[in-house]
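Visitor: Take this structure, written in structure tokens, and hold onto it; I'll ask about it next.
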Amino acid sequence: MGNIIFFALLGMAMYIIIQKTNGRPIFPTFNSDEGNSKQPIKYKKNNPKKKEKDLPIDEEPNPFKEFIGDVKEIKHHMLRYHDNTFVMFAEVEPVNYFLLSQSEQEAIDVTFETWLAQTNYNVQFYLQNRYIDLSEPITKMQESMRNAENLHPNTIAYGESMVEDLLAWQYNSPIYETKRYLLFTHKINTAEITADNEEELEEKIVDKAFGELHRRLIAAKNQLNNARMEVQLLTNEGIADVLYHAFNRRRAVKNRFKDFGEQEMLASYVTADQDEIRVELVKEAINNEKEKEAVSAKEEVPKTGTE
């Protein structure tokens with residue numbers, strides 16, 4: 001019995017010494033939160049396959065889809081959104097500022113600062129970097145070689161090789177050029193417009209938006225012309241050209257926007273080249289239809305008189 005008491009006291013003494021050495025209390029508290037916090041954390045092994053399945057697939061943003069969803073039409077030299085917000089585009093031809101004298105530079109700065117101080121509406125500066133298009137200079141060079149007379153064969157061969165080198169250089173290592181635009185934005189509140197029908201309301205909305213935006217553009221044009229910066233209004237085709245280069249910057253080098261107009265790809269109906277005989281037959285058919293309509297209109301007029 002004495003041995004049991006001795007070993008029990010010895011165990012208690014060793015327990016107290018170990019607890020004191022490790023900085024633990026002799027009589028631990030039974031708190032569930034503290035107990036959970038002192039439990040060793042078990043780290044799970046990383047499973048790359050499971051991680052790939054759990055992570056969502058990041059889809060690339062589609063700015064063209066988002067932009068087209070908000071735009072209603074491009075008409076009357078304005079870009080129109082569904083909420084009756086209109087945007088008018090103007091291209092600005094820059095001045096070669098660093099080749100001017102000090103007094104000329106100061107005059108330009110004062111004019112530009114004056115225009116900015118007088119502007120109390122929304123104006124955005126849009127800079128668009130495009131690849132330089134050498135197709136027009138190359139076309140002129142080819143026409144000059146074809147129309148020239150008495151050229152040495154070596155001269156023609158040199159010109160053709162130079163044209164090929166220019167085309168290859170344009171496609172392989174293109175160079176940027178910067179286009180500068182002013183964007184004037186104005187939103188029409190339809191509640192302030194009174195109209196008898198939908199057609200009249202639509203006409204008044206467009207007229208009001210064009211009048212306000214055109215007034216802003218003329219004010220900018222008059223001010224910036226004094227600073228040697230020419231401002232030109234962009235038409236519907238010009239706005240489409242800006243948007244085409246914004247969403248197809250590299251593709252626009254090969255598939256030029258100008259070619260779409262020359263090939264009648266911007267028309268609302270399909271057209272094709274026709275010979276003169278086909279054109280005359282179509283004109284004759286149109287005249288015959290007009291004559292039939294005139295005769296039928298005369299027959300429908302009620303005759304007046306006595307029987």
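Visitor: Just the number, please: carbon plus sulfur as a percent of the accessible area of the stretch 79-151, 1.4 Å probe, no ligands or DNA/RNA counted.
Guide: Carbon and sulfur atoms account for 51 percent of the accessible area of the stretch 79-151.
Visitor: If you don't mind, another one. At 1.4 Å probe size, with every protein chain present, just tell me what the per residue accessible area of the stretch 117-248 comes to in Å².
Guide: Accessible surface, normalised per residue, equals 64 Å².
Visitor: Using Cα centres only, tell me the gap between the stretch 134-178 and the stretch 196-214 in whole Å.
Guide: Their Cα centres are 49 Å away from one another.
Visitor: Take the Cβ-Cβ distance between E143 and E237 as r, set R0 to 22 Å, and report the resulting FRET efficiency rounded to the nearest 0.05.
Guide: 0.35
Visitor: Another question, if that's okay. Run the simple label-point estimate for R24 and N172 please: 7 Å along Cα→C-beta, distance reported in nm.
Guide: According to this spin-label approximation, the distance is 7.6 nm.
Visitor: Here's a follow-up. Tell me the label-point distance for the pair N222, R250, using the 7 Å Cα-to-Cβ offset, in nm and rounded to one decimal.
Guide: So the label points at N222 and R250 sit 4.7 nm apart.
The values are calculated or read from the model by the stated rules, or taken from the named source; none is laboratory data. A quick note: this is a predicted structure, and the numbers were derived from the prediction, not measured. Reconstructed Cβ throughout: ideal geometry from the backbone, glycine too, with neighbour counts over all protein chains shown. SASA here: full protein model, heavy atoms, side chains in, ligands and nucleic acids out. Shrake-Rupley method; radii C 1.70, N 1.55, O 1.52, S 1.80 Å.
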